[in-house]
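One structure below.
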Amino acid sequence: MPTLTVHAWPLRVAVGGLLGLTTLLAYAAPADTTEQVVNAEQSPKPPAKQKREPLVIPKVDRDKVICFCLYTVHHKILKLSAQLYPLLEGEARTLSLEVEREGGWEKLQTKEIHPVGWMTTFRIENWDDTRSWNYRVSHPGGAKYTGIIRKNPLDKDVIVVGNLSCNSNTDRGPRTDIIANLKHQDPDLLFFAGDQSYDHKQHYAAWLLFGRQFGEIIKDRPTVTIPDDHDVGHPNLWGAAGKQSFRSDGADGGYFMPVEYVNEVQQAQTSHLPDPFDPTPVLRGISVYYTSLNVGGIDFAIIEDRKWKSGPLGIVPKMGPRPDHINDPKFDRQSINVPEAELLGERQLKFLRQWGQNWDGVTFKTVLSQSPFANAAHLHGAENNRLIADLDSNGWPQHGRDAALREFRRCFALHLCGDQHLATVIHHGVNDWEDAGISFASPSIWNLYGRWWHPLDPAFPGGYRNPALPFSGRYLDGLGNKITMMAYANPAPDNHKATGYGLVRFNKKSREITLECWPRFVDVTKPEAKQYTGWPLTVSQFDNYGRKPIATLPQIVSESPDPVVQIIDEQNGEIVYTVRIKGTTFTPKVFRAGSYTVRVDGRETKNVQSIPGE
């Protein structure tokens, strides 16, 4: 049948008095959509070809105009976004959310559909999260979409999180193997760390495709999606607090796509997240979404690690073929660590500081963002293309990276991310090896631009060495940051450029975290199914502040188990850390001799003197 390819930005179609900023009326002709139907019984197979097919919006029957739904529940507030195919003239512009109660459907809310982006978000307060609910989103034209809003899994000892990223458009087919595996592994939360779309000027059509690919598992569990550079139309993104970029590579900092486009992408991908910590837009009215989400006692800080980041052009001298690529082996790593360069920005650092102190109903803290805080790739795109340093990585600026890691470790937070098409587990160091937390960057779902961890220098003595991997251990990354590489999955001829997904298991009883890394086209139900070499890894929650103490404080003995302990340095008033301990006894470590305030479940003892270490 003939098809109509979706036109790229900046086509604008007048809809309801507004500008349809997403090529709203571009359709494919009616098509056989069976290729999009996920069959969990189908044997996982790699795509037969790697050709980028045209992006089309299938013309669906009018009782199928609801493509998919995403939701989160946080502090008894449900937020659920429904994404539609384009509506036709004369069709109703409302959706209703219903739940099944006592054998019938009860309508909770009716909302207008945004004509820009064809979606809406329901927000229901006082949500009963002590049980699961069947839900239904319905359109007056007859379309209905059903799923399950899960109960808050507070009673589970192990909370499971899927960690995914980088869903390239070189294969627009279904993700049958990932869907089948995740249905079996049954995560309590899904996290998509960015690059859900690689169609830079066609996000709406690409977002519908993402929904067809993953909607089958998204509809029945809370899901976090956050946009990265390709989602908002950039090859790389240095958001520079929202200013205008005038270069196609974005290296001058800011966004070069129109503000309306950027905001529409963020609306589609993040409207279902809990309300932002501070909703004040950045420059030019670009929206923000950084926030927190508690699922089963795991408290996630969701941050935007590109939005405030400075562009390298004009801040550091060009030392390679691009402003962000450094190939000069003699370059001074500290010369580019300039104070005017930002990473997370003061607003997000303030948020992290406050979030890290709140442990009500929390056992673990975890940060979700786009990219790891290290320059953890040596070879880019090909095995003969070695870079010394990459300023697109969150290893730069180094002082911004260190400031972020200090906030992460202050609450013993794990970091989950993606972006690099290179799965890694890194124990980060600020002043010394492993004195901060651990990050797990997921492999790409499907991106054949490979990156490799392949250092030329030997590892420094000490630290963790993975017996299965030759390049594990302590290294300086290309920007001089201390990192301990615990695991990595390099591209190889038999692993489809190291594609796959991650899985994280938080054990609330043992306080252990197990990190799994699964290749594409592996059936996890089979006894012979294997993860990438070097995985799984199990670490302790308390490894996420690995700094060596200079002294300790007297042992804490609590009448109640697992109290929240906060240590405050009385010399400067700074919170050293806050954590829910395991058990009833705890010997606080400190990093300076002196007097401290100790709070145990809010009860405060001042002028506690440190005890020198051995």
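The values are calculated or read from the model by the stated rules, or taken from the named source; none is laboratory data. Nothing here was measured: the structure is a model prediction, and the numbers come from that model. FYI the Cβ positions are ideal-geometry reconstructions off the backbone, even for glycines, and counts take in every protein chain you see.
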Every residue from segment 460-478 that is assigned to a loop (DSSP other than H, G, I, E, B), farther than 15 Å from Val425 by Cβ and within 29 Å of the chain's Cα centre (by Cα)
Pro470, Gly478
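Just checking, does segment 120-128 include any residue being at pLDDT below 95 and not in a strand (DSSP E or B)? Walk me through how you get there before you give the answer.
Just the residues of segment 120-128 that are at pLDDT below 95, to begin with: none.
Checked segment 120-128: no residue is at pLDDT below 95 and not in a strand (DSSP E or B).
Confirm whether Asp155 is more than 24 Å from the chain's Cα centre (by Cα) and of a type in the set (D, E, K, R).
Values: more than 24 Å from the chain's Cα centre (by Cα): yes; of a type in the set (D, E, K, R): yes.
So Asp155 fits the description; yes.
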Would you mind telling me which numbered condition in (1) part of a loop (DSSP other than H, G, I, E, B); (2) crowded, with 24+ Cβ neighbours inside 10 Å Phe408 fails?
(1)
Give the residues of segment 303-322 that are surrounded by fewer than 24 Cβ atoms within 10 Å (Cβ to Cβ) and either in contact with a strand residue (DSSP E or B) (Cβ under 8 Å, 6 or more places away or on another chain) or not assigned by TED's automatic domain parsing to the domain that holds Arg401 (or both), sorted by residue number.
Met319, Gly320
Of the residues in segment 486-502 that are touching a strand residue (DSSP E or B) at 6+ places or on another chain (Cβ under 7 Å) and small (Gly, Ala, Ser), the one that is nearest to Gly450 (Cα to Cα) is Ala498
Quick check: is even one residue across segment 388-404 on the phi > 0 side of the Ramachandran plot, crowded, with 24+ Cβ neighbours inside 10 Å and of a type outside the set (A, V, I, L, M)?
no
Does any residue of segment 420-429 turn out to be modelled with pLDDT of 95 or more and either charged (D, E, K, R) or not assigned by TED's automatic domain parsing to the domain that holds Thr366 (or both)?
no
If you take the residues of segment 479-522 that are charged (D, E, K, R) and free of Cβ contacts under 8 Å to residues at least 24 places away in the same chain, which of them is surrounded by the fewest Cβ atoms within 10 Å (Cβ to Cβ)?
Asp494
For segment 239-253, name all the residues that are closer than 19 Å to His203 by Cα and buried (at least 23 other Cβ atoms within 10 Å of the Cβ).
Gly239, Gly250
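Residue-by-condition table, conditions (1) in contact with a helix residue (DSSP H, G or I) (Cβ under 6 Å, 6 or more places away or on another chain); (2) under 30 Å from Phe542 (Cα atoms); (3) among the aromatic types (Phe, Trp, Tyr):
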residue	(1), (2), (3)
Gly320	no, no, no
Pro323	no, no, no
Arg333	no, no, no
Pro339	no, no, no
Phe351	no, yes, yes
Lys365	no, yes, no
Give just the number: which of (1) part of a helix (DSSP H, G or I); (2) touching a residue at least 24 places away in the same chain (Cβ under 8 Å); (3) within 21 Å of Lys482 (Cβ to Cβ) does Gln348 not satisfy?
(3)
Suppose we filter segment 535-591 for residues that are in a strand (DSSP E or B), touching a residue at least 24 places away in the same chain (Cβ under 8 Å) and not aromatic (Phe, Trp, Tyr); how many remain?
22
From the list Lys243, Lys201, which residue is in the same structural domain as Arg505 (by TED's automatic domain parsing) and out of contact with any Lys or Arg (no Cβ under 8 Å at 6 or more places or on another chain)?
Lys201
